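Accompanying notes for the structure given below.
Quick note: the coordinates plus some simple rules give every number you see, no bench work behind them. Treat the numbers as computed from the prediction; the structure is a model and nothing was measured. In this analysis, Cβ positions are derived from the backbone assuming ideal geometry, glycine residues included, and neighbour counts consider all displayed protein chains.
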Amino acid sequence: MIKLSYTETDAALAEQIRADLRAGGYTVDDPASAELLIAILAPDPLETPPLREDLLAALDAGQQILLIQPAQIPIPKLLDHLTGIDVSGGYSFDQLGPQVEAQTAADARLPLRVRTPSVQRANRRAGYIFAALALGMFLLGIYGVGVLGINAPQEEFDAVETEVILTRDALIRPELNAYATALPQSTEQAANYPQTLQVVPTRYRPFMAQTATAVGAQISGAATPTPEATAASADD
């Protein structure tokens, strides 16, 4: 239920750990049923076989991993969440035994999943697939609109838009009626209306501005005769 991973440099330490584990009743070096990987780290372990292969396989499989540091070795970011035991000052099974027992217990905390190279490749493949699907749907939509002439149902859109406008008008009409008393009633008031408009709350301001514009156009139209009206008066 325990697998040891190490380099030839740490073979002597590995043999001592193996003997202690077997004396403690653990089955060692049975990859088929291994629940815990004990990795004796070498410098740059993720670039050193067989540590690299064993560590990445255990991470991908969601296995428990226990790191043994025979020297002050920097832990790679991919492994820095794992439990480690520093034996640079000397190895003792008193350190190792309790941690092995904790990580092989039935209620042991599940290991954290990390983005190993295989996970990153799988993520990229999934991203490519979704991107291809999105592009295909986009091109299909372009073909449908540009070639087949498929359009949104205009009548349905108009009906929904009408309901939206009627609902909006019903909600804002009481406020607009209150502000309508300040609408310009003369050319002079229309000229000064921008200052008055600043007092109106922002959400109502566009509607009041459009209303004032329409009122101003009516005032200007009433004050200035059209050329046709002027010509008709001259004929009379």
Output ordering of 147-156, 39-48 (per-residue mean of other Cβ within 10 Å, highest first) is 39-48, 147-156
For the pair Q198 and E175, the simple spin-label estimate (label points 7 Å beyond Cα toward Cβ) gives in nm 2.0
Among Y143, G90, L67, the residue whose Cα sits farthest towards the positive end of the charge dipole of the chain (+1 at Cβ of Lys and Arg, -1 at Cβ of Asp and Glu, taken about the Cα centre) is G90
Quick calc of log₁₀ I(q)/I(0), the chain, Debye, one scatterer on every Cα, no solvent, q values 0.10, 0.12, 0.15, 0.18 1/Å, result -0.69, -0.82, -1.04, -1.24
Rounded to the nearest 0.05, FRET efficiency between E155 and A126 (Cβ-Cβ, R0 35 Å) equals 0.30
Placing each pseudo-label 7 Å from Cα in the direction of the beta carbon, Q16 and R205 end up separated by a distance in nanometres of 7.8
Most packed first (mean Cβ within 10 Å per residue), the peptides 201-213, 106-118, 6-18 order as 6-18, 201-213, 106-118
